[in-house]
Structures are given as structure tokens and as C-alpha cells.
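Since the structure comes first, as C-alpha cells, the remarks are kept for the end.
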Amino acid sequence: MPTATPAQHTLHHTGSIVEVQQLAPLIWAHRCHIPEIAASVHPGQFVHMRITEGSAPLLRRPFSVLDANPRDGTFRILFKVVGVGTQIMTGFRAGDPVDMLGPLGSAFNVPRANKRLLMIAGGIGMVPLYFLAKKLFESRRGIEVDYWFGARDAEEIYLLDDLRQWCNTVVPVSEDAGFEKRGRVTDFANEWGSPNLVLTCGPTAMLREVQRITRDMNFPVYGALESFMGCGLGACLGCVLNTTDAGYERVCTEGPVFDLHRLELGP
Amino acid sequence: MTAAAATCVDLSVKLGSLRLKNPVTVASGTFGYGTEYAHVFDSTLLGGVFLKALTMNPRPGNPPNRICETSSGMLNSIGLQNVGIDRFFSEKEPNCQRIASAGVTIFANLAGQTIEEFEQLIDHLETTTAVHAYELNVSCPNVNKGGCQFGQDQTLLRELVIATRKLTQRPIIVKLSPQVTDIAAMGVLCERAGADALSLINTFPAMAIDAQSRRPVLNTIAGGLSGPAIKPIALRMVYQTAQAVSIPIIGMGGIMNATDAIEFLLAGASAISSGTANFVNPNAPVEILRGLEAYCIEHCVDRVEQLIGGLQV
Ligand SMILES: Cc1cc2nc3c(=O)[nH]c(=O)nc-3n(C[C@H](O)[C@H](O)[C@H](O)COP(=O)(O)OP(=O)(O)OC[C@H]3O[C@@H](n4cnc5c(N)ncnc54)[C@H](O)[C@@H]3O)c2cc1C
Ligand SMILES: Cc1cc2nc3c(=O)[nH]c(=O)nc-3n(C[C@H](O)[C@H](O)[C@H](O)COP(=O)(O)O)c2cc1C
Ligand code: FES
């Protein structure tokens, strides 16, 4: 008779916020102390965070991890204030408790053979790619990264100094006149060179463009996707996206990192 | 009450011919097939698990967006996505067997589109000992051709209960739709047709609109409302139905903590399910269980069954 095996390890953690930074009017970064997550999270993975003890908002909110320091047991999330949950999060202070599930979902995988990477970040889509650029630099694998960072306003482009330490080139692009390159990142596809692999994260409209361009240019591309989430654990089937070859897949479990060419991103 | 007596609360409850080791279960569609929460808590602590809806053929489900948050609740339109009965046996059944062997009662939630499909599902599931009872999902408001008409059409509902009752020794539980004028009358109808228990309630048809884009938030426009927003209605429905029937009721709808669960027991439920709560706090079922035990100790209740229908009016 099979016997019950208790949970091997838990993905449900409590910890605390140790540092709160405001990087731009609507952009905040919280450093959290949860050693289990800091020790095991990979770029692309996310945490699913309880915002309040009450019911406004009720559901958890998912956030990608910006970077992690296994030595002191901390990691950061970076978020943009877009609604009720993220507004409440701006009131969090060092010392406040946090309740998180994580690390969840799939991570970016950069095969050994890929030496020239192109990263295309849109807005807060910079988060998982920042973590990946940092990790690749620290791995000393001799990988060259071109990091394109697009946003509507120059104000929404930050942490460039960090990125410049780790990347071959960092190209900020905004729709206002804040940087040399004005427009959307995808307007400059002819300057993207010939990478072995493209990694991207950002709004769906941008991902759709990146999908089209990389298909035309025949570049392999992986993207970190978003969707509304319930459980974050694969149970509710609420977070799915449609794939071309396997029907609906869960962003929280099969994703958030997907081969972008497999996804139906709609018109 | 002494500490020794404190550990002696009898948490088990009778549900028709079944005895659950405790009244805390997880609602269908919120707990997958029992493996998804393995890294969060030990599901063998639960009194019961209601599996995600099953259909004969695999169903892809609805296009996204499938869920969104509303005031104190959420909408879902999953569209009964499931692997179908064959893959249930090859992929999911072994784990159900594992949980079942730890004393957890397993309820298969059946979502046939016809009486024949319900019958076929039971035929297949009779071959496994991993399932102890059948919950007929006659109330899923999501799929046009799905359960909706069974839950709302008295003749059809009676026919379904009679037909499925004949096929098995295992309890038949009808999960009622709240989308009826008189839910107690539907409960009575099911009892007379031979149902062994009732689950209530399923979600309420509801919708959300994004004023910025002027579009519905869900792809299907409407979905099912669950969570704390529906709790007072669920509680009233459980109470009224419990007054009208003598078969046991599994109560659910917005149960977030032990206090909510106790309220449902007092209203007449013999067991409870947490659903949306599992998304908010994956540890909710275990916390409900511990809280229930603590309440019993505090109130000198030595058998949790003493709480069932204990509302003083
Ligand atoms: C895997 C994953 C990783 C993410 N990583 C980050 C991150 O690193 N930084 C960050 O700022 N945000 C990230 N997000 C998005 C973040 O979860 C949402 O911005 C947040 O949930 C909004 O909560 P809110 O209560 O403030 O907004 P709400 O009040 O819930 O909504 C405000 C507006 O945002 C829209 N919205 C809310 N959630 C989502 C969503 N999941 N997808 C699309 N639209 C949404 C709503 O439609 C509404 O228009 C991530 C999402 C996912 C799925
Ligand atoms: C995401 C989701 C999926 C659900 N899927 C099913 C299902 O497959 N079959 C079913 O009978 N009920 C389903 N339900 C309804 C729940 O089992 C439960 O009746 C309802 O959510 C009310 O309880 P709650 O407020 O605690 O969530 C689902 C609910 C949610 C939120
Ligand atoms: S959020 Fe529940 S399955 Fe992905």
C-alpha cells in the first residue's frame, strides 16, 4: 500500500522587507529577506505575493525577481504602480512582513553555444532580463549581451549603470526625447545585429512585434509572459496562453518563459 | 478542559455512507487533482478532495482572459478544461490513489453534457478505488452546452439523479446551482430522486468591464463569481436547504477561515470546502482545520458533528 509522503519542501514562505527604494515616480523596488527564495530563484522566475491580510485586493500578485543574493538571503522585486495592489505596496516599509509563494515558473535557459545574446525589454519587462544579464556576467561564460530597453518615457528607464557593467551595449529607447534613440525598440530592428538568441519581456503589443521580426529574421526567441493569475501553482488553470502546438499552457507552470514562436499572441 | 482532553476532539463527520476524517475539503477546480499543492502543504491532512471537473473527452477550455479580481471575489471562466477520462487514469489516478490511501475521501466532479456522458464517466470511475463518491456538476455556468440546463431544469435534474443513482453503490452528490429561484426546492427534488448529499454552492454568473478599453475583462464576457463576496448568500442557501432536506450538505462559497467554516456548519452543512481561499492562502484548508479544532476545545465540543445545524434561532 503506498504511504503518504509529506511535502518535500515548501514554496510558501514568510519573510520581511529589508529595503524600499523608489526609482522613478511610479517605479519601486523592494528588497525582501527570504533565504529559501534567494538561494533557489533563477532569472525569469517569479514570486506570488499576498498584498493584504484582508480582501482588497483578495488575490496574490505575481512579480518577477530582479536579482538575488544567496549570501545574505535577500532578493529584490521591482514594480510599477498600476492599480490597487501595487499602490498598497508603495506603503510597505523596511521591517514589514511579507508572504510569498516562490520561486515559481520556468526560467530563461541560455545554452552553452550561444555567445551573442540580444535582450529586448519593454518597461517593467526589464526585470527578468536585468537578473539574467547579471547572472550571465557573473558566470564568466564570455557571453556578449546587447540590451535594448524601451519605454514610453525616459523616466521609466532606470538602472542603466548596472546594466552597462554587465552588457556589451545598453541601448535605451523612449518615445519622448529623453535619449538619442526616439521611438519604440522594435523600430530599430535593423540595428539588432545577428544574435544567436533573443530574450524578451514586455507588453503584449511589443512581444507581438518581436515575434514577427524574429520570425522574419529567423532568430530563436524566448519571452517572459504575463497573465492574470489565481493560484500561481498550476491548479486553477486561470493563467493560460494559447500555443500553436500544445493548446493552452499555464503561465505560472509551463511559463512564464516560453519559446515566443510557439505562442498565439493574437492580432 | 485539560490538555489531554484537548487532543481528543472527534473531527470526523458522516456524509451519507462515508465517514470523512474531518469536515474540511477543497472545492472542485481549485485544487487540480491533488498534486499541485504538494509543495505547499500535506494534502493527506484534508478530510476530502473534490477533483477538477472531468468529462469523457479532453476539453481545451475557454480562451484567456479566464480570471479577474472583483470586489472581495473573483470571476472565472475556465470552461471545464480537463484532460478527459483516459488521461485521468494514466496521469492523475495514481496520485489520487496515494491521497486516498492516507484516509482522504476523494470526490470525482463529473461534468457531463448529457445523461449518457455522466453514466459513462461513472462506468469508468467504478473501476478505481481511488474515488469514493461522485459529485454531479449540474451548475457550472461557464459552458453553453454544459451543466447549466441540468441544474435549472427540474425534469432533467430528476432524470439525471435517478439514472446515475442506479449505476453505483457510491454516494451521488449533486452540486447545486445558485442560479435558481428556490434552491431548497431543488435540494428536495434531488433528495427524492435518490441523491445522497448536496454540495452548495457553485459560482454565480457575473461579469466585469474594463472602462478604459470599454471591453469585458473575461473573454467569455461573463464568468462565475466566487470568494468572500458570495459568502452571505451561500450561507443563507445552505441554511434554507438544510431546513428542507435530511441528506447531508457540503457547504461552500467564500469560506476563508475557520470562523467562516464554523458558520456553515452551524447553518447545517456537514462538511465544508474552501475554494478561492486556496489561491489567497494555500495553507487555508489546514488553518481552517486547526482553527476548527481550537474552537471545539474552547467551546467544550467533543465531536465536531455537534456543531452541524447548531444555529440557535
Ligand atoms: C509572471 C509575472 C511577472 C510579473 N512581473 C512583474 C514585475 O516584475 N514588475 C511589475 O511591475 N509587474 C509585474 N507583473 C505584473 C503585475 O503582476 C501586475 O502589474 C500587478 O498584478 C497589478 O496589480 P494591481 O493590483 O496594482 O493592479 P490591478 O488593480 O489588479 O490592475 C490594474 C490594471 O493592470 C492590469 N493588470 C493587472 N494585472 C495584470 C496582469 N497580470 N497582466 C496584465 N494586466 C494586468 C489590469 O487589467 C488593470 O488594467 C508580472 C506579472 C506576471 C504574470
Ligand atoms: C477557478 C475555479 C474553477 C472552478 N472549477 C470548478 C469545476 O470544475 N467544477 C465545479 O463543480 N466547480 C468549480 N468551481 C466552483 C468551486 O468549486 C466553488 O463551488 C465556488 O468557487 C465557491 O466556493 P469559493 O467561494 O470558496 O471559491 C470553480 C471555482 C473556481 C474559482
Ligand atoms: S495561476 Fe492557477 S494555474 Fe496558473
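The values are calculated or read from the model by the stated rules, or taken from the named source; none is laboratory data. As the structure is a prediction and not an experimental result, all values here were calculated from the model. Heads up, the Cβs are rebuilt from the backbone with ideal geometry, glycines too, and the neighbour counts pull from every protein chain shown.
Filter region A:177-211 down to residues that are in contact (Cβ under 8 Å) with a residue 60 or more places away in the chain and within 14 Å of another protein chain (Cβ to nearest Cβ) and give me whichever is farthest from ligand 2 (Cβ to nearest atom).
Per the stated criteria, the residue is A:203.
Would you list the strands (runs of 3 or more DSSP E) that sit entirely within region B:164-240 and hold 1 or more residues that are surrounded by fewer than 23 Cβ atoms within 10 Å (Cβ to Cβ)? If you could, list the steps in order and put the result at the bottom.
Values: elements: B:172-175, B:197-200, B:204-207, B:222-226.
Where strands (runs of 3 or more DSSP E) fall fully within region B:164-240 and carry at least 1 residues being surrounded by fewer than 23 Cβ atoms within 10 Å (Cβ to Cβ), they are B:204-207, B:222-226.
Give the residue that is surrounded by the fewest Cβ atoms within 10 Å (Cβ to Cβ), with candidates limited to residues of region A:73-105 that are over 18 Å from the mean Cα position of the chain (by Cα) and in a strand (DSSP E or B).
Of everything passing the filter in region A:73-105, A:97 is surrounded by the fewest Cβ atoms within 10 Å (Cβ to Cβ).
Do you know which residues across region B:101-117 are modelled with pLDDT under 95 and touching a strand residue (DSSP E or B) at 6+ places or on another chain (Cβ under 6 Å)?
Hit for region B:101-117 is B:111, nothing else.
So the check is Cβ under 8 Å with 6+ separation or different chains; which pairs have a first residue in region B:53-69 that's within 7 Å of another protein chain (Cβ to nearest Cβ) and on the phi < 0 side of the Ramachandran plot and a second one that's within 12 Å of ligand 3 (Cβ to nearest atom) and of a type in the set (Val, Ile, Thr)?
These pairs meet every condition: B:64/A:240; B:66/A:240; B:66/B:78; B:67/B:78.
Restricting to strands (runs of 3 or more DSSP E) lying wholly in region A:161-267: which have 2 or more residues that are within 15 Å of ligand 3 (Cβ to nearest atom)? Walk me through it before giving the result.
Working: elements: A:169-174, A:197-201, A:221-224, A:240-243, A:247-250, A:257-259.
Counting at least 2 such residues, we get A:240-243, A:247-250, A:257-259.
List pairs: first in region A:212-234 and in contact (Cβ under 8 Å) with a residue 60 or more places away in the chain and within 14 Å of another protein chain (Cβ to nearest Cβ), second away from ligand 2 (no atom under 12 Å from the Cβ) and in a strand (DSSP E or B), Cβ under 6 Å, 6+ apart or cross-chain?
A:229/A:62; A:232/A:48; A:232/A:101; A:232/A:104
Can you name every residue in region A:214-267 that is among the hydrophobic types (A, V, I, L, M, F, W, C) and in contact with a helix residue (DSSP H, G or I) (Cβ under 7 Å, 6 or more places away or on another chain)?
Result: A:221, A:224, A:231, A:236, A:260, A:265.
How many residues are in contact with a Cys (Cβ under 8 Å, 6 or more places away or on another chain) and within 26 Å of residue B:77 (Cβ to Cβ) if we restrict to region B:148-167?
2
In the list A:166, A:192, which residue meets the criterion of being touching a Lys or Arg at 6+ places or on another chain (Cβ under 6 Å), farther than 30 Å from residue B:279 by Cα and among the aromatic types (Phe, Trp, Tyr)?
From the options A:166, A:192, the qualifying one is A:166.
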